[in-house]
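K.L.:
Quick one: structure below, then a few questions.
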Amino acid sequence: MEDKENLIVNVTAKGEGPNEGKEPSQAPYTHTTASWGATFSVAKVLIKSGAPINGTRAIFRMNHEDGGFDCPGCAWPDDRKGLRMDICENGIKHSTSEMTPKRCTPEFFSKHTVTELRTWSGYQLEQAGRLTEPMVYDPSSDHYIPISWDDAFKMIGDKIQSLNSPHEATYYTSGRLSNEGSFLYSLFTRELGTNNQPDCSNMCHEASGRALTASLATGKGTVDLIDWQKADVIFLMGINAASNTPRMLTALTNDVKDHNTRVVHINPLIEGAARKAITPHDFVDMALFRSTTASALNVQPRIGGDLALLRGMAKALLEDAQHEPHALDRQFIHNHTHGFEAYEALCKAENWEYLEYQSGVPERTMREMASIYKHSRATIFGWCLGVTQHEHGVDTVREIVNILLLRGNIGREGAGPSPVRGHSNVQGNRTCGINNRPTEAFLKKFDDACGIISPREHGYGTVASIQAMMRGDIKVFIALGGNFVKSVPDPEYTEAAMQKCELTVQITTKLNRSHIIHGKQALILPCLGRTEFDIQESGPQFVTVEDSMAMVHPSKGMKSPASPHLLSEIAIVAGIAKASLPHSKTPWQEYVNNYDKIRETMSGALDGFEEFNRRVRQPLGFRLRQPARELVFATPSGKAEFSHASVPDIVPKPGLLKLMTMRAHDQFNTTIYADNDRYRGVKNIRTILFMNKQDMDERNIKHMGLIDITSIAKDGSRRRVTGYRAVAYDIPLGCTGGYMPELNVLCPIGDFSSQSDQPIFKDLTVEVTRHINLD
Ligand SMILES: Nc1nc2c(c(=O)[nH]1)N[C@H]1C(S)=C(S)[C@@H](COP(=O)(O)OP(=O)(O)OC[C@H]3O[C@@H](n4cnc5c(=O)[nH]c(N)nc54)[C@H](O)[C@@H]3O)O[C@H]1N2
Ligand SMILES: Nc1nc2c(c(=O)[nH]1)N[C@H]1C(S)=C(S)[C@@H](COP(=O)(O)OP(=O)(O)OC[C@H]3O[C@@H](n4cnc5c(=O)[nH]c(N)nc54)[C@H](O)[C@@H]3O)O[C@H]1N2
Ligand SMILES: [Mo]
């Protein structure tokens with residue numbers, strides 16, 4: 001019998017996309033990845049956004065060596081070789097979506113009450129277009145109304161100064177913010193006296209950062225694009241590259257052709273990149289329909305089974321090493337690592353049956369993986385959210401490092417760990433200061449250069465901020481970009497927490513639900529986008545970004561701003577800082593007048609940024625120093641650390657399934673472009689669940705049949721969504737997947753990993769039943 005008290009959320013399925021009413025369908029996708037379908041899709045988006053000419057012109061300036069702006073999509077490095085365009089279908093969608101001619105003006109807000117806007121989908125809100133003026137919530141009319149920039153800053157400054165403690169405010173960042181913006185924003189909050197700096201990284205690659213720091217004393221990967229080209233074997237884990245990092249296909253397809261690179265895909269789903277792929281920008285290949293088989297081996301573990309799988313691979317390798325001395329790089333292990341013997345003993349003691357059961361992969365496949373690895377001269381492991389958004393994400397990333405260490409695959413050409421970052425500058429945000437858990441070494445250098453004394457106590461991350469808002473401990477919430485209430489877990493809980501705040505401030509380009517679910521006082525502050533000119537007192541400005549592989553380079557807009565009233569993110573942060581810190585000695589206005597001044601301070605404050613202004617003006621920017629790449633490990637032992645996690649039991653109880661929430665092809669996080677997911681063959685629907693046919697048969701569920709999904713939280717509470725449709729798909733037994741942000745209603749606020757504090761968005765336990773009333 002179900003405990004009714006425990007069912008705390010019960011909602012009906014509602015897609016966040018256009019919901020155009022067309023017939024929903026799903027059938028296997030049989031075409032080549034990134035081919036003409038991509039071109040047609042781009043054309044459709046350009047026409048819909050009304051920006052075909054603008055869009056096309058801008059795209060030719062994207063990711064270019066001689067100026068231009070950095071693609072606001074993913075963080076994959078640019079292959080900036082002059083004439084060759086390094087662009088992709090989805091990057092084009094992201095940048096043209098910012099360039100839309102539609103405008104969300106004060107007239108728009110005067111026509112719609114906030115209560116009405118709460119009934120709109122995410123797609124409808126975004127389609128209102130670019131925000132044009134600062135707006136304030138007027139409770140008497142339930143409308144947003146215009147406010148001057150000065151009054152807006154004063155409202156924030158007065159509120160922040162009235163708080164009993166600086167810890168009563170929290171400052172969220174989404175990963176599109178520039179390096180300079182991140183630096184100023186973090187300087188502002190530390191000067192106020194708090195490290196409450198939640199960011200999207202807390203939900204994304206936090207596990208990678210913590211694991212790599214523990215193993216190698218670096219929060220980042222150690223490889224670059226040349227290494228990707230030189231690797232013999234690339235293991236790709238938990239990533240849907242064809243949709244989310246399409247420019248990686250260039251590396252995968254070209255390398256397969258040029259260097260015979262073998263790619264092992266480890267994913268419960270066989271994603272687009274693991275099938276035939278065409279280089280996304282290679283229009284000649286597209287025209288000739290020339291494609292490459294982009295895969296050596298597809299391994300389909302059960303969701304969360306990666307640690308067991310990697311342990312099996314290591315066990316097989318260690319067994320081989322007993323009669324093949326070269327299976328391991330013993331000299332490397334001896335010279336550069338610590339903890340090998342204990343790791344070897346751990347692997348030997350593992351039981352094959354348990355590893356097979358937990359990974360869902362037969363022993364022979366784990367041995368095959370070990371064999372591919374053993375014969376590779378240089379190996380890279382690349383991974384994304386399929387590895388990190390799990391209870392045991394940190395242990396799993398550390399196991400990846402363990403495997404790399406066994407054959408000395410670090411600090412060599414073509415080898416190393418390569419976390420594939422999400423948002424275009426999420427890595428730079430962290431490097432330049434956004435961190436709720438900064439180290440003493442970081443703060444010391446930062447303080448010396450900035451002339452402040454930063455607080456030493458750690459601040460709230462994303463989940464902890466929401467819980468503090470709910471308790472009433474946080475009264476002010478400021479977001480520099482993003483769509484907080486949609487991207488975090490448990491929207492019901494989070495929306496209630498947000499509404500308890502005394503002031504919420506959203507610095508943003510386009511309208512989204514986070515602006516509509518607000519505190520007692522609320523501001524929407526519209527900013528310039530990355531594609532737009534930024535002219536300050538000293539003339540045109542540029543900002544900088546850091547990609548997934550630690551390359552820092554400029555990004556310069558080339559389009560007229562969407563409205564004359566927009567300010568740059570840097571000017572907005574400085575405006576808020578001046579109003580909140582009346583006695584500050586920081587030269588906020590000088591920083592706004594000339595971004596070179598910010599970079600001068602950053603040169604002294606941040607490790608690796610010496611002579612920032614000169615080096616960033618070099619044609620390809622510069623690469624941040626990476627001691628681990630030089631085999632310098634600032635760990636307690638001074639060596640790379642093997643980890644020794646035990647393989648957890650992750651198999652759900654009988655009758656229950658593991659749920660992963662992920663992106664469709666036509667979306668960028670909470671921004672939905674269309675209701676399609678091309679490479680998974682889905683059309684006109686987002687409220688679906690991919691299921692194994694046998695799991696469906698056991699539940700008497702038909703393909704496209706209606707279902708209800710109930711998640712079971714760690715604390716036993718249940719959240720239900722009704723009216724989804726089941727899709728029979730090639731996914732391991734006991735596993736199921738569907739789209740974020742719709743499925744966030746099933747993610748309990750308290751279900752975050754104790755290792756990383758990351759919400760376990762891909763590690764949920766659910767019960768799926770046939771929908772009774774309507775089917
Ligand atoms: N077009 C587009 N590009 C994007 C984004 C976007 O929304 N749209 N978002 C950006 C951001 S912020 C990020 S972080 C990245 C996200 O990039 P991805 O990590 O590719 O994002 P998801 O769509 O969540 O896909 C997760 C993948 O992990 C697999 N997976 C899930 N669970 C497991 C598991 O237990 N083990 C293994 N081995 N695999 C698993 C899923 O099958 C899926 O292929 O993309 C960035 N780029
Ligand atoms: N269930 C589930 N939830 C997830 C995930 C998952 O896999 N599953 N993934 C998580 C991950 S990896 C991430 S990174 C987060 C993403 O979380 P967020 O970064 O908070 O969300 P986005 O959807 O990327 O934010 C989009 C909004 O940013 C604003 N914006 C766009 N460009 C700019 C700009 O240039 N400047 C400013 N100031 N604002 C701008 C626009 O208003 C737009 O609506 O979601 C997380 N949530
Ligand atoms: Mo992300």
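The values are calculated or read from the model by the stated rules, or taken from the named source; none is laboratory data. Just so we're clear, the structure is a prediction, and the values are computed from it rather than from any experiment. Cβ sites come from the backbone with ideal geometry, for glycine too, and all protein chains shown count toward neighbours. Ligands, DNA and RNA are excluded from the accessible area calculation, which covers all protein heavy atoms including side chains. Shrake-Rupley method; radii C 1.70, N 1.55, O 1.52, S 1.80 Å.
K.L.:
Within a Cβ distance under 10 Å of Y354, other residues only, what is the Lys/Arg minus Asp/Glu net charge?
P.N.:
Values: positive: R311; negative: E350, E353, E356, D649.
That works out to -3.
K.L.:
Turning to a different aspect of this structure: How large is ³J(HN,Hα) for each residue in segment 601-607, as worked out from phi by the Karplus curve 6.51 cos²θ - 1.76 cosθ + 1.60 (θ = phi - 60°), to whole Hz, x for Gly and Pro?
P.N.:
Those phi angles translate into 5, 4, 4, x, 8, 10, 4 Hz.
K.L.:
Ok, one more. Work out the charge dipole of the chain with +1 on the Cβ of Lys and Arg and -1 on the Cβ of Asp and Glu about the Cα centre, then indicate which of H323, Q26, G193 is farthest towards its positive end.
P.N.:
Q26
K.L.:
Reachable lysines from K597, Cα under 18 Å, same-chain residues fewer than 8 places away excluded?
P.N.:
By straight Cα distance, K597 reaches K445, K556, K578, K585.
K.L.:
Follow-up. Hey, which lysines would be in cross-link range of K500, C-alpha to C-alpha under 16 Å, not counting anything within fewer than 8 residues on its own chain?
P.N.:
K159, K475, K520
K.L.:
Tally up the carbon and sulfur contribution to the accessible surface of segment 574-624 as a whole percent, 1.4 Å probe, everything protein left in place. Each step should come with its number before you reach the end.
P.N.:
Details: 1170 of 2250 Å².
Of the solvent-accessible surface of segment 574-624, carbon and sulfur hold 52 percent.
K.L.:
Then there is this: Could you size up the charge dipole of segment 348-429 around its Cα centre, putting +1 on the beta carbon of Lys and Arg and -1 on that of Asp and Glu, and report it in debye to the nearest 20?
P.N.:
The calculated dipole for segment 348-429 is roughly 440 debye.
K.L.:
Which residue, chosen from S711, M696, V721, occupies the Cα position most advanced towards the positive end of the dipole of segment 682-730, where the dipole is computed from +1 (Lys, Arg) and -1 (Asp, Glu) charges on Cβ about the Cα centre?
P.N.:
V721
K.L.:
Calculate how many DSSP beta bridges within the chain are antiparallel, expressed in % of all such bridges and rounded to the nearest 5.
P.N.:
Working: 41 of 96 bridges.
Of the beta bridges lying entirely in the chain, close to 45 percent run antiparallel.
K.L.:
Among the aspartates and glutamates, which fall within straight-line cross-link reach of K102, defined as a Cα-Cα distance under 17 Å, with same-chain neighbours fewer than 8 residues apart omitted?
P.N.:
Leaving aside aspartates and glutamates fewer than 8 places away in the same chain, those within reach of K102 are E126, E133, E532.
K.L.:
Please name which of F477, L216, G575 has its Cα lying farthest along the dipole of the chain towards the positive end, using unit charges on Cβ (Lys, Arg +1; Asp, Glu -1) and the Cα centre as origin.
P.N.:
Among F477, L216, G575, the one farthest towards the positive end of the dipole of the chain is G575.
K.L.:
Can you list residues from other chains, or at least 5 along the same chain, whose modelled amide H is less than 5 Å from the amide H of M662?
P.N.:
G738, Y739, M740
K.L.:
Right, next: Only helical DSSP H runs with n ≥ 4 go in: add -39500 (n - 2.57) per run for the chain, normalise by residue count and round the 222 nm mean residue ellipticity to 500 deg cm²/dmol.
P.N.:
-9500 deg cm²/dmol
K.L.:
Let me ask something else. Using the per-residue mean of other Cβ atoms lying within 10 Å as a proxy for protection, in what order, highest first, do the peptides 206-212, 651-657 fall? Could you put the intermediate results ahead of the total?
P.N.:
Working: 206-212: 26.6, 651-657: 14.0.
Top of the packing list down: 206-212, 651-657.
K.L.:
With θ set to phi - 60° and the Karplus curve 6.51 cos²θ - 1.76 cosθ + 1.60, what are the ³J(HN,Hα) couplings of segment 690-701 in order, to the nearest whole Hz, using x for Gly and Pro?
P.N.:
Each residue of segment 690-701 in turn: 7, 9, 6, 4, 5, 4, 5, 4, 4, 9, 6, 10 Hz.
K.L.:
Convert each backbone phi in segment 431-439 into a coupling constant with the Karplus relation 6.51 cos²θ - 1.76 cosθ + 1.60 (shift: θ = phi - 60°), then list the ³J(HN,Hα) values in order as whole Hz, x for Gly and Pro.
P.N.:
Rounded to whole hertz, the list is 4, 8, x, 5, 6, 7, 10, x, 8.
K.L.:
Then there is this: Mind listing which trypsin sites (Lys or Arg not before Pro) in segment 679-775 are in a DSSP loop and have 16 or fewer other Cβ atoms within 10 Å?
P.N.:
K702, K714
K.L.:
Work out the length of the dipole vector of segment 695-775 about its Cα centre, built from +1 on the beta-carbon of each Lys and Arg and -1 on the beta-carbon of each Asp and Glu, and round it to the nearest 20 debye. All intermediate terms of the calculation are to be shown ahead of the outcome.
P.N.:
Numbers: 9 positive and 12 negative charges, 43 e Å.
Magnitude of the dipole: close to 200 debye.
K.L.:
Right, another one. Nearest 20 debye, what's the magnitude of the dipole of the chain about its Cα centre given +1 on Lys and Arg Cβ and -1 on Asp and Glu Cβ? If you can, show how the numbers build up before the last one.
P.N.:
On the way: 85 positive and 91 negative charges, 237 e Å.
About 1140 debye.
K.L.:
For the chain, what is the accessible area per residue in Å², given a 1.4 Å probe and the full set of protein chains? Kindly include the intermediate steps, with their values, before the conclusion.
P.N.:
Details: 27540 Å² over 775 residues.
The answer is 36 Å² per residue.
K.L.:
Same structure again: Considering only DSSP states other than H, G, I, E and B, which GluC sites (Glu not before Pro) in segment 351-459 qualify as loop sites with at most 15 other Cβ atoms within 10 Å? List each step's numbers first, then the result.
P.N.:
On the way: sites: E353, E356, E363, E368, E391, E399, E413, E440, E457; in loops: E391, E413, E457.
Listed in order of number, the matching sites are E413, E457.
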